[in-house]
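As structure tokens, the structure follows; a few thoughts come after it.
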Amino acid sequence: MSNQDNSVNTNTRVLKTYQEARLQNIENLRKLVVDAAATLLQEEGPEAVTVRKVAQKMDCSTKIIYSLFVNKEGLAQQLYLEGCKLLANEFEGTPQVADPVQHLLNLGETFWQFGQHYSSYYKLMFGGAFADFKPDEESLQGTVTAMRQLLTLIGNAQEQGRIPGQYDTESIVRVIWASLHGVIHLYMGGHLGDVQLAHDVYRKTLSTIVSSLFPDHTA
């Protein structure tokens, strides 16, 4: 190998300090623990996500889990943020159309499907499945990020004059979200019959929201 080759290899080699390598290893371990907890969450439900069961799945001591997350609430926060990423990905994958009404209907259906396909995450994020966990500022910001598609849609429709009134964008999104969440939460609590009946109530609720927001829309 020539001296020039040696020089290139030396210049492109990335050297890490011990502290950097240690932090990277800790972060990798945290990710593995969150993945194990997420598997329990999806396979067995929120009640299965305990420090003891996560440690068993990781084949490690509970002390290691506590050293990484302090307590169960710290682990719940990471699962909450994972749920936000999933919801954001689902919204981003929703077909985008020029008509804001149809786009809102599409996003509404995506939110329903998220509650069906990721019910354990939904219960953790919005259903109080972990009684002692309250989302902190970082977690709440994750929710805002996940709802960005809806915020953008409503904001653009307001600028185009499609949504009249003086309500700010975030207030409108909260009303939409609260209304749709209420239907999903009632269904999960067994108050709306089977999934077909609940889905029908959900679609009617979404249609009512659309009619109130877009008075110029004709079905």
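What follows draws every value from the coordinates through simple rules; no lab data is involved. Since the structure is predicted, the reported quantities are computational estimates derived from the model, not experimental observations. Here the Cβ is made from the backbone with ideal geometry for all residues, glycine too, and neighbour counts use every protein chain on show.
Summary of computed values
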{"quantity": "Percent of Cα pairs exceeding the 21 Å cut-off, where the set is the stretch 91-219", "calculated": "42 percent"}
{"quantity": "Karplus (6.51, -1.76, 1.60) ³J(HN,Hα), θ = phi - 60°, over the stretch 195-211, in Hz, Gly and Pro reported as x", "calculated": "5, 5, 5, 5, 5, 5, 4, 4, 5, 5, 4, 4, 5, 5, 4, 4, 5"}
{"quantity": "Listed residues V51, V70, V144, most fluctuating in the chain (Gaussian network, C-alpha, under 10 Å)", "calculated": "V70"}
{"quantity": "Dipole moment magnitude, nearest 20 debye, the chain about Cα centre, only Lys, Arg, Asp, Glu C-beta charged", "calculated": "540 debye"}
{"quantity": "The chain: most fluctuating residue of M125, M147, M58 per GNM, C-alpha cutoff 10 Å", "calculated": "M58"}
{"quantity": "Set K134/K204; K31/K134; K123/K204; K53/K123 screened for pairs whose C-alpha atoms are more than 29 Å apart", "calculated": "K134/K204"}
{"quantity": "Cα gyration tensor, the stretch 17-141 - rounded (a/c under 1.5), prolate or oblate", "calculated": "prolate"}
{"quantity": "Cα gyration tensor shape for the stretch 48-100, rounded if a/c is under 1.5, else prolate or oblate", "calculated": "prolate"}
{"quantity": "Spherically averaged projected area in nm², based on the convex hull that wraps the Cα atoms of the chain", "calculated": "18.5 nm²"}
{"quantity": "Positive-end residue of G161, G108, P135, charge dipole of the chain with Cβ unit charges", "calculated": "P135"}
{"quantity": "³J(HN,Hα), Karplus 6.51/-1.76/1.60, whole Hz, each residue of the stretch 95-112, x for Gly, Pro", "calculated": "x, 9, 10, 5, 6, x, 5, 5, 5, 5, 4, 5, 5, x, 5, 4, 5, 4"}
